[in-house]
Structure formats: structure tokens, C-alpha cells
Amino acid sequence: MSVFVSGATGYIGIQLVKRLAGSGTQVHALYRSKEKARLITLKNVKLFKGDILDRSSLETAMKDCQAAYHVAAFAGVSATASKIHELNVEGALNVLRIAQKLNMNRVVVTSTAGILGPSRAGEEVDENTSPPDSFFTSYEHSKYILEQELKRFNTESIEIIIVNPTRVYGPGLLSESNGVTSMIKKYIKNNWRYLPGSGNQYGNYVFVEDIVTGHLLAMEKGEPGERYLLGGENLTYLQLFGLVRDASGCKRRLFRIPLWVMLFISQIFKILSSITGRPPLIVPELVRKFNHHWRVSSEKAIRELGYTPVSAREGIERTVQWINQNF
């Protein structure tokens, strides 16, 4: 069997390509950067230079494949909403149109749990949660629009399954998509000593290898037209760093930063970014998310796909071990 993977040189994409190729699957991997493509220059991987906005290069890369994983996404905090929409919506629909044209059987599309918005006190969001009236970031909004488009997509000739990861962490490329691991690394190296707000806001954290497994399970067992939340454990920032402390032995004091202070600083970063052209360290849209809980339930994926994420303690221990071995 041959499968196509977009976003093959991204954080999740690299791990997915390695797992597929290691199992003997022939992978057609789309790449833009020759340097990044070296990370997936492996047996059973055929590399295709191209872009999801270029339908000609897409068709060349997707030819002779029976299924596809659309993992490519753009979450740049300093990009315009129109640019994010173009890549995350139009680019994804290009993949689906070519897949349909080439008579592929199934496509797994990577979205985000963020489209379901924050959770209410003591509750968890799930696949049946109604979307919020508005979104904190253009990235979340673009993924919501994409999912609406997928509902209207002609699926009579192709099966589409959506997966919605939460906050992913673990070994791998330290990109913008792997911000949690970058934060853990900075803490261990004594370059991160901050807690947003009280530190008691919940988020859901999932180990990257579980996300890869979730994609494979969705391809194998997912129901067409369904979405599956792929998460791990719901933890506060204090609980997360408690696990990091246990795993690393680093007992550094963390300082709570009031959200209004973070919001003010993020506005300054945004202004400096417009002057220098450099991406801001943090933006107001992300700061506002810190004021909410983001509890998520993965019960549907566990029940219907056989998804079994590792404990946060085990995932953090493996992440810290990888950091200590590589930095």
C-alpha cells in the first residue's frame, strides 16, 4: 500500500512518516525545504518537492497512492488571517480534490481540538460540544472553516476522517507546533521560570507518539465523516511542571505572571514585530487563552478506535530523557 503525507517535514508529520515507513508502507512525502527533507530520507519514503497550494505538484506526489494523511498546517502567530486561511483551508481542499480525482479510498485530515473552544468549569469538551461564537486565533478559526467545508465535500467517492489533537509534546522537531516541549527544555536549562496567571488553568497534553498512533487508528478504524479528539491528560500548568520537576530533578522556583502583565508585554512584542519583521515571542490572542480551561475528553477515540494514550508522567519522563540526551 502507498500513502501520501502532506506536512511530512513538520513535527507530527516526521514522526508519522517514520512510523509508516518503518512498518513497510510506501510513503509519498511532500516537502518544500530540502534541508528538512533530510529528516525523512528513509527506506520506503519517496520524496516529492511541492506545495499544497500547487495542485500540479500535489497530483504528481499523490499519484499511485491509495490513501492520504493531510497533516500540513500553518499556525504562525504573526501571519495574516488571509494567509492562514489560504494554507489551512484552500491547501487542505486541494489535497482532498486531488485525492478524489485519483480515486483514493480514505483521507485522514488533521484539525485541532481548539475549534471546540474552552471548557466550562469542571467539564470537558468532546466531539458533540458546540463550537464557540468566536475563536482566539486565526489558526483555530481556519480549522473550524475547514471542518465546515469538509461536511459539504462530496464524500460519495472518498472517505474523510478528522482527528483533533490537543497540546502535543514529546521528542522531535522543536518547531512552533512543539511549543510545550520547547518550554520544558527551557525550564530544564534554567531559561523558563514563568507561570501564566495563577498556574491553575487546565490544558490537555498528549504525547506525540500517541498522536501518530491516533492517526493510524483513524485510518484503519475511523468512521467516514466523523471526528476524533486525540488527547492525553488534563493538567494545570502547576501539575505539568510538577511532573517535569519529578522527571528532571530540577526544582526551580516558578514565578506567576498576572495575565494583564502578559497581555501588555505581548502588545509590545506585536509592535516590535511589525517594525523588525521578526515573529513575536507571544501574541495577545494566545495570552487570552491562558485565562480559560481547556479540558478535553478522548473517550470516543478510546472507545471506537482503541486509542490508549500513555500517562502524562510517562510521556514527560520520556520527553525529559530525550532532552537530556540531545541538548
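Numerical summary
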{"quantity": "Positions within region 147-158 being in contact with a strand residue (DSSP E or B) (Cβ under 7 Å, 6 or more places away or on another chain), modelled with pLDDT under 95 and either acidic (D, E) or outside any helix (DSSP H, G or I) (or both), in sequence order", "calculated": "F153, I158"}
{"quantity": "Options L286, L230: the member that is within 22 Å of S119 (Cβ to Cβ), in contact with a Pro (Cβ under 6 Å, 6 or more places away or on another chain), surrounded by 14 or more Cβ atoms within 10 Å (Cβ to Cβ) and aliphatic (A, V, I, L, M)", "calculated": "L230"}
{"quantity": "Region 60-74: number of residues that are of a type outside the set (S, T, Y) and surrounded by fewer than 16 Cβ atoms within 10 Å (Cβ to Cβ)", "calculated": "3"}
{"quantity": "Selection from region 233-252 of residues that are farther than 12 Å from W294 by Cα and outside any helix (DSSP H, G or I)", "calculated": "G249, C250, K251, R252"}
{"quantity": "Set I98, I84: member being at pLDDT below 95 and part of a helix (DSSP H, G or I)", "calculated": "I84"}
{"quantity": "Qualifying residue in region 288-296 (condition: at pLDDT 90 or above and not in a loop (DSSP other than H, G, I, E, B))", "calculated": "yes"}
{"quantity": "Any hit, region 272-287, residues being free of Cβ contacts under 8 Å to residues at least 40 places away in the same chain, under 29 Å from V125 (Cα atoms) and either part of a helix (DSSP H, G or I) or more than 24 Å from the chain's Cα centre (by Cα) (or both)", "calculated": "yes"}
{"quantity": "Every pair of residues 6+ apart whose Cβ atoms lie under 7 Å, when the first sits in region 130-141 and is closer than 24 Å to E176 by Cα while the second is part of a loop (DSSP other than H, G, I, E, B)", "calculated": "Y139/A75; E140/T112; H141/F135"}
{"quantity": "The lone exception for A99 - which of (1) more than 28 Å from F135 (Cβ to Cβ); (2) out of contact with any Gly (no Cβ under 7 Å at 6 or more places or on another chain); (3) in contact (Cβ under 8 Å) with a residue 40 or more places away in the chain it fails", "calculated": "(1)"}
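The values are calculated or read from the model by the stated rules, or taken from the named source; none is laboratory data. Please read all numbers here as calculations on a predicted model, not as lab measurements. Virtual Cβ from ideal backbone geometry, glycine too; neighbours counted across all protein chains shown.
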